[in-house]
Amino acid sequence: MGNPYDPYGQQQPGYGGQQQPGYGQPPAQPGYGQPPAQPGYGQQPPAQPGYGQPPAQPGYGQPPAQPGYGQPPAQPGYGQQPAAQPAYGQQPAYQEVHHHHYGSTGQLAEWGSRAGALIIDWLVVGALPGIIYFIGYIMLLNGSGVGALLAFIGFIGIIAGGLWLTYQEGTTGQTIGKRQMGIRLVGAQSGQPIGFGMAFLRRLAHAADSFACYIGYLWPLWDERKQTFADKICNTYVVRG
């Protein structure tokens, strides 16, 4: 039977109970100065960080919380320096690295050492064949058949001596003259001897050094890498050691 003191037919909460809102009504909000509802018996309240304790950190493998839209990023703590930013109008600095192999010593040979090595090579290897060729040529001009033979022998001697120098230069990096002057020929990328084939091509490329009054042979005097035209064509250096 309905409660005569409840004209609307709603039950009043008993002792220790809470009044439930009627159908379609929002739950009651705490009034001004009243504390919010506490959890029921046996329920744990939400954990709050203790005094002096940091807030909970994200779990392993989870990224930290990002600032919300319109919020500035976190600033460095007290005593920490912020990351240096480039000044207005300046580009960030990049480290420039040069990869050049200048042999074991890393020092390029001077022009005087190269010229001295060339003179020694042709005095040792080319002097005798050159003299024979010159005598044979003079005799050939005078109509002597022996002169033609001597000129041919001298010419073959010069070619053979040049090939031998090329082989020594390509396989060891040094000819007789270069060994005496303490310099050697190396590849720009490997820093090692370039082999007979490349050394032979470099000999042919010396034709470019002979143009315009042999200016290519003088080019190392002012070139930053002290290269002749043949060195630039074949990508080689002459270095100390």
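The values are calculated or read from the model by the stated rules, or taken from the named source; none is laboratory data. Not measured: the values here are computed from a predicted model. When we count neighbours, we look across all protein chains shown, and the Cβ atoms used for this are built from the backbone with ideal geometry, even at glycine.
Identify, from the list Ala148, Ala188, the residue that is crowded, with 18+ Cβ neighbours inside 10 Å and at pLDDT below 95.
Result: Ala188 is the single residue among Ala148, Ala188 that is crowded, with 18+ Cβ neighbours inside 10 Å and at pLDDT below 95.
Which pairs do you get when a residue that is free of Cβ contacts under 8 Å to residues at least 40 places away in the same chain, found in the stretch 146-171, comes within reach of a residue that is of a type in the set (Ser, Thr, Tyr), reach meaning Cβ atoms under 7 angstrom, with the pair 6+ apart or on two chains?
Pairs found: Gly147/Tyr137; Ala151/Tyr133; Ala151/Tyr137; Gly154/Tyr133; Phe155/Tyr133; Ile158/Tyr133; Gln168/Thr175; Glu169/Thr175.
When you check Val239 against the structure, is it more than 20 Å from Val124 (Cβ to Cβ), touching a Lys or Arg at 6+ places or on another chain (Cβ under 8 Å), in contact (Cβ under 8 Å) with a residue 40 or more places away in the chain and assigned to a strand (DSSP E or B), yes or no?
In short, yes.
Quick one: what pairs do we get from the stretch 174-192, first residue on the phi > 0 side of the Ramachandran plot, second part of a strand (DSSP E or B), C-beta under 9 Å, 6+ apart or different chains?
From residues that are on the phi > 0 side of the Ramachandran plot, the pairs are Gly182/Arg240; Gly191/Tyr237; Gly191/Val239.
If I filter the stretch 217-227 for residues that are touching a helix residue (DSSP H, G or I) at 6+ places or on another chain (Cβ under 9 Å), more than 18 Å from Arg114 (Cα to Cα), part of a helix (DSSP H, G or I) and free of Cβ contacts under 8 Å to residues at least 24 places away in the same chain, do I get at least one hit?
no
Could you tell me which of the residues Gly112, Gly154 is in a helix (DSSP H, G or I) and buried (at least 20 other Cβ atoms within 10 Å of the Cβ)?
The conditions single out Gly154.
Is it the case that Thr175 is closer than 14 Å to Asp121 by Cα and touching a Phe, Trp or Tyr at 6+ places or on another chain (Cβ under 7 Å)?
So Thr175 does not fit the description; no.
Looking at this structure, is Ala199 modelled with pLDDT under 95, among the small types (Gly, Ala, Ser) and touching a Ser or Thr at 6+ places or on another chain (Cβ under 7 Å)?
no
Taking the condition touching a Gly at 6+ places or on another chain (Cβ under 9 Å), touching a residue at least 40 places away in the same chain (Cβ under 8 Å) and of a type in the set (Ser, Thr, Tyr), does Ser113 pass?
yes
Could you look through the stretch 116-138, keep only residues that are in contact (Cβ under 8 Å) with a residue 12 or more places away in the chain and farther than 30 Å from Arg184 by Cβ, and pick out the one that is surrounded by the fewest Cβ atoms within 10 Å (Cβ to Cβ)?
Per the stated criteria, the residue is Phe134.
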